[in-house]
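These notes concern the structure reproduced below.
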Amino acid sequence: MQVNTIIIGQGLCGTWLSKWLTDMGQQVMVIDESKPVTSSKIASGVINPVTGRVLARTWMAGQLLPFALEAYEQFGQQLDINCIRTVDILHSFPTAQMREAFDKRLPEIPEYLTYPENEEKWKKLMEIPFGLGSIHPALLIDLNLLLNEWQKRLSRDRSLLQETFDLSALSLKNGLVSYKDVKAERVIFCDGIGSLHLPFFNRLPFSPNKGEALLLEIEELPASHIYKRGLSVVPFPHFNSAADDRYFWAGSTYENRFKDEQPTAAFRTRTEQVLRDWLKVPFRVVDHWAAIRPATVERRPFAGMHPVYPQLGILNGTGTKGCSLAPWFAKQLADQIVHGTPIQPEASVARFSGILSA
């Protein structure tokens with residue numbers, strides 16, 4: 001079989017790259033082992049315009065949010081699904097200091113920060129000792145629905161190999177690549193932490209971190225909002241094939257030092273206690289997940305082609321911002337592949353040409 005591009009991995013990066021390339025008339029083959037738990041599949045799906053305790057604007061928020069909204073809406077139309085919506089994040093301040101910090105930042109970024117109109121309404125559902133703030137607009141992506149429907153489309157189009165990628169079966173010859181019986185002009189690695197173990201890209205400054213989350217059933221909490229008080233509680237309707245507004249995602253952690261990628265009892269105990277102290281409505285833990293995110297030292301992704309092996313490329317390192325960064329930089333990489341346009345310097349893998357060429 002002959003294709004233009006082989007893509008390793010069908011997480012957020014692989015999904016968006018394969019989507020943009022096929023939209024441009026390219027033939028792709030995606031290789032993915034379809035693990036039930038990956039960093040993409042258990043991510044909350046939130047695109048937040050502000051970040052951190054200091055409530056700073058997220059990097060490129062003014063460009064990324066409108067682009068993401070349009071891109072996910074168009075992708076959903078292509079697949080005949082609704083995979084994105086605009087929501088408010090209700091921020092229940094855990095301390096007076098957090099309330100003061102919000103008050104200070106509000107006049108500086110009024111396009112994203114405000115106060116909810118009816119705070120009394122929420123006091124029936126949760127403890128609000130120091131008031132509520134609202135972050136708007138945030139975007140919420142139904143990741144499991146999107147990833148599953150795109151997998152079906154790739155399979156229908158015979159553009160998917162559901163298997164574990166075997167590096168020994170990859171051959172580079174005469175500027176081209178082949179994998180088993182698939183021949184291509186290039187291969188792009190969108191395999192998350194798998195790229196740490198590739199001889200081509202293992203010198204890149206990855207900084208993987210572990211995240212854990214609980215799946216909750218909460219019948220009395222409206223699925224219209226995202227809720228935040230230290231941790232986040234996020235509507236998560238499609239953790240399986242049937243949509244259900246009773247299900248929420250609760251997390252997450254950002255552990256730079258970890259022994260393995262297994263869920264820990266400590267996280268579950270701590271998170272359940274926070275929820276009991278916060279929510280006034282009953283909840284039930286349905287599942288507990290953990291995965292390793294492919295974050296980077298610079299907190300900027302890696303996108304582009306290898307300086308020594310031009311038929312090898314990478315799109316990776318989106319960390320906790322994958323929902324916003326993946327569509328944007330997948331589009332840039334697709335444009336580079338098809339039209340030769342450059343990737344913006346902050347994300348281009350060309351900034352590491354020296355260490356990749358050594």
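Computed from the coordinates by the stated procedures, all read-outs in this text should not be read as laboratory data. Predicted model only: the values in this text are computed from it and were never measured. Every residue, glycine among them, receives a Cβ derived from its backbone with ideal geometry; neighbour counts consider all protein chains shown.
One decimal place: the segment THR341-ARG53 gains 100.0 nm when fully extended, by the rule 0.36 nm per residue minus the C-alpha distance.
For LYS41, a cut-off of 16 angstrom between C-alpha atoms picks up these lysines, skipping any fewer than 8 places away in its own chain: LYS152, LYS210, LYS321.
Along the axis of the charge dipole computed for the chain (Cβ charges of +1 for Lys and Arg, -1 for Asp and Glu, origin at the Cα centre), the listed residues PHE258, PHE248, ILE218 are led at the positive end by PHE258.
List the relative contact order of the range 209-275 as a percent without decimals, with contacts defined as Cα pairs under 8 Å and 6+ residues apart. Relative contact order here is 39 percent. Connecting C-alpha atoms closer than 10 Å in a GNM of the chain, tell me which of HIS339, HIS238, HIS306 has the biggest fluctuation. Maximum among the listed residues: HIS339. Can you spot the aspartates and glutamates whose alpha carbon is less than 19 Å from LYS173's alpha carbon? Ignore those fewer than 8 places along the same chain. Cross-link targets: ASP181, GLU185.
Only Lys, Arg, Asp and Glu carry charge here, each on its Cβ (+1 for the first two, -1 for the last two); on that basis the chain has a dipole of about 740 debye about its Cα centre. Positive-end ranking of LEU333, GLN273, GLN311 along the dipole of the range 222-358, with charges on Cβ about the Cα centre, is headed by GLN273.
Computed from the Cα positions only, the extents of the range 215-274 along the three principal axes stand at 35, 27, 17 Å, in decreasing order.
Most exposed first by the Cβ proxy, i.e. fewest other Cβ within 10 Å, how do GLU73, GLU212 rank?
Details: GLU73 14, GLU212 25.
Exposure proxy ranking, most exposed first: GLU73, GLU212.
Where does the Debye-calculated log10 I(q)/I(0) of the range 137-199 sit at q = 0.14, 0.23, 0.26 Å⁻¹, using only Cα point scatterers of equal weight, no solvent? Log10 I(q)/I(0), no solvent term: -0.59, -1.14, -1.24. How high is the relative contact order of the chain, in percent, counting Cα pairs under 8 Å that sit 6 or more residues apart? Relative contact order of the chain: 23 percent. Label sites at ARG270 and SER357, each approximated as a point 7 angstrom past Cα along Cα to Cβ, lie 4.4 nm apart. Please report, to two decimal places, log10 I(q)/I(0) for the range 143-263 at q = 0.14 Å⁻¹ as given by the Debye formula with identical point scatterers on the Cα atoms and no solvent. Debye intensities relative to I(0), on a log10 scale: -0.90. Among the cysteines of the chain, those whose beta-carbon sits 4.7 Å or more from every other cysteine beta-carbon are CYS83, CYS323.
Here the Gaussian network model covers the chain, with springs between Cα atoms less than 10 Å apart; of VAL37, VAL50, VAL187, VAL37 fluctuates the most.
Using the number of other C-beta atoms within 10 angstrom as an exposure proxy, rank SER159, SER18 with the fewest first.
Least to most surrounded, the residues fall as SER159, SER18.
Across the chain, Cα-Cα pairs farther apart than 27 Å form 48% of the total. Estimated from the Cβ-Cβ distance and a Förster radius of 51 angstrom, the FRET efficiency linking LYS183 and GLU108 is about 0.40.
For the range 91-144, a/c is not less than 1.5, where a ≥ b ≥ c are the root eigenvalues of the C-alpha gyration tensor, and a/b does not top b/c. That puts it in the oblate class.
Rounded to the nearest angstrom and listed largest first, the equivalent-ellipsoid semi-axes of the range 1-135 from its Cα gyration tensor are 39, 16, 14. Taking the longest Cα principal axis of the chain as reference, the axis of helix 143-156 is set at about 30 degrees.
I want to verify the translational diffusion coefficient of the range 227-342 in µm²/s; compute it with Stokes-Einstein, Rh as the Kirkwood radius over Cα pairs, at 25 °C and 0.890 mPa s.
On the way: Rh = 17.4 Å.
It diffuses with D of about 141 µm²/s by this estimate.
Over the residues of the chain, the helix contribution to mean residue ellipticity at 222 nm works out to -8500 deg cm²/dmol, using -39500 (n - 2.57) for each DSSP H run of at least 4. The relative contact order of the range 246-358 comes to 22 percent, based on Cα pairs under 8 Å that sit 6 or more residues apart. For the residues ALA223, ALA71, ALA101, a GNM of the chain with alpha-carbon springs under 10 Å puts the largest fluctuation on ALA101.
On the basis of the beta-carbon distance and an R0 of 35 Å, ASP80 and VAL37 show a calculated FRET efficiency of 0.85. Exposure proxy for ILE89, ILE47: other Cβ atoms within 10 Å of each Cβ, ordered fewest to most, give ILE89, ILE47. If R0 is 30 Å, the Cβ-Cβ spacing of ALA101 and LYS280 corresponds to a FRET efficiency of close to 0.75. Of the trypsin sites (Lys or Arg not before Pro) found in the range 258-319, the ones in coil according to DSSP and having at most 10 other Cβ atoms within 10 Å of their Cβ are LYS259.
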